[in-house]
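The next block holds one structure in the form of structure tokens; read it before the comments.
The values are calculated or read from the model by the stated rules, or taken from the named source; none is laboratory data. Given the structure is predicted, the values throughout are model-derived calculations rather than measurements. In this analysis, Cβ positions are derived from the backbone assuming ideal geometry, glycine residues included, and neighbour counts consider all displayed protein chains. Remember, those area values only see protein heavy atoms, side chains included, never the ligands or the DNA or RNA. Shrake-Rupley method; radii C 1.70, N 1.55, O 1.52, S 1.80 Å.
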Amino acid sequence: MGLGAVGGADSELAVAMAAGSQDALAQLYDRYSGLAYGIALRVLGDPGRAEDAVQEAFLNVWNRAGAFDPGRGSLRSWLLTAVRNRSIDYLRGRGAHERREQDLEPVAATLGAHSDPWHEVSLKLERDAVREALTSLPPEQRQAVELAYFGGYSQTEIADMTRVPLGTVKGRMRLALEKLSSYLRGRGLVDV
């Protein structure tokens, strides 16, 4: 199956990858590797480990493409969750005292001059919308989301760090994710 036969929606790429199409994997990589690397670098703060985490996440998605269920979310979300989870696995192996968060702006500069400008504009708009959505949350909900998704901490670790009951942390996370989803859906950035 050639690239021309694969192109189009992410769900088509997933089907093609499940059928063994390396071209589909290459197209997925071309489409999301920059974003995936940015997430891994932000979580890990180490370019080498970020590259490893991205490579392992893409390999995981390739090996498990048949398990992808478009009813549960987009291929993009599945891939980026795999990148985030793999990055957190690396963090947990290093120890909590080495956790660092990197700003996303330098990452954009390292992606290279050969990127598609419209794709870059789209990514910037998405980043801005996510930042806006995060700032719209109450401080305690924002803190829980930032510690979990950018710091790589589990809900139990967040409860210990903030000296708040685990059930409260879980409730804050649930409410925050609902609000973020609603906010981003209202701006057309999340599928309904």
Checking Thr162 against (1) at pLDDT below 85; (2) among the β-branched types (Val, Ile, Thr); (3) over 25 Å from Ser74 (Cβ atoms); (4) open to solvent by 60 Å² or more (accessible area, probe 1.4 Å), the condition it does not meet: (4)
Of residues in the stretch 47-82 being more than 15 Å from the chain's Cα centre (by Cα) and among the aromatic types (Phe, Trp, Tyr), the one surrounded by the most Cβ atoms within 10 Å (Cβ to Cβ): Phe68
Given (1) of a type outside the set (Lys, Arg); (2) in a helix (DSSP H, G or I); (3) at pLDDT 90 or above, number of the condition Tyr149 does not satisfy: (3)
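When you check Leu3 against the structure, is it farther than 27 Å from Arg127 by Cβ, at pLDDT below 90, open to solvent by 10 Å² or more (accessible area, probe 1.4 Å) and out of contact with any Cys (no Cβ under 6 Å at 6 or more places or on another chain), yes or no?
Details: farther than 27 Å from Arg127 by Cβ: yes; at pLDDT below 90: yes; open to solvent by 10 Å² or more (accessible area, probe 1.4 Å): yes; out of contact with any Cys (no Cβ under 6 Å at 6 or more places or on another chain): yes.
Criteria met by Leu3.
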Contacts under 7 angstrom Cβ, first residue in the stretch 128-152 being closer than 24 Å to Arg92 by Cβ, partner part of a loop (DSSP other than H, G, I, E, B) and of a type outside the set (A, V, I, L, M, F, W, C), 6 or more apart: Leu147/Tyr153; Phe150/Glu101; Gly151/Arg99; Gly151/Glu101; Gly152/Arg99
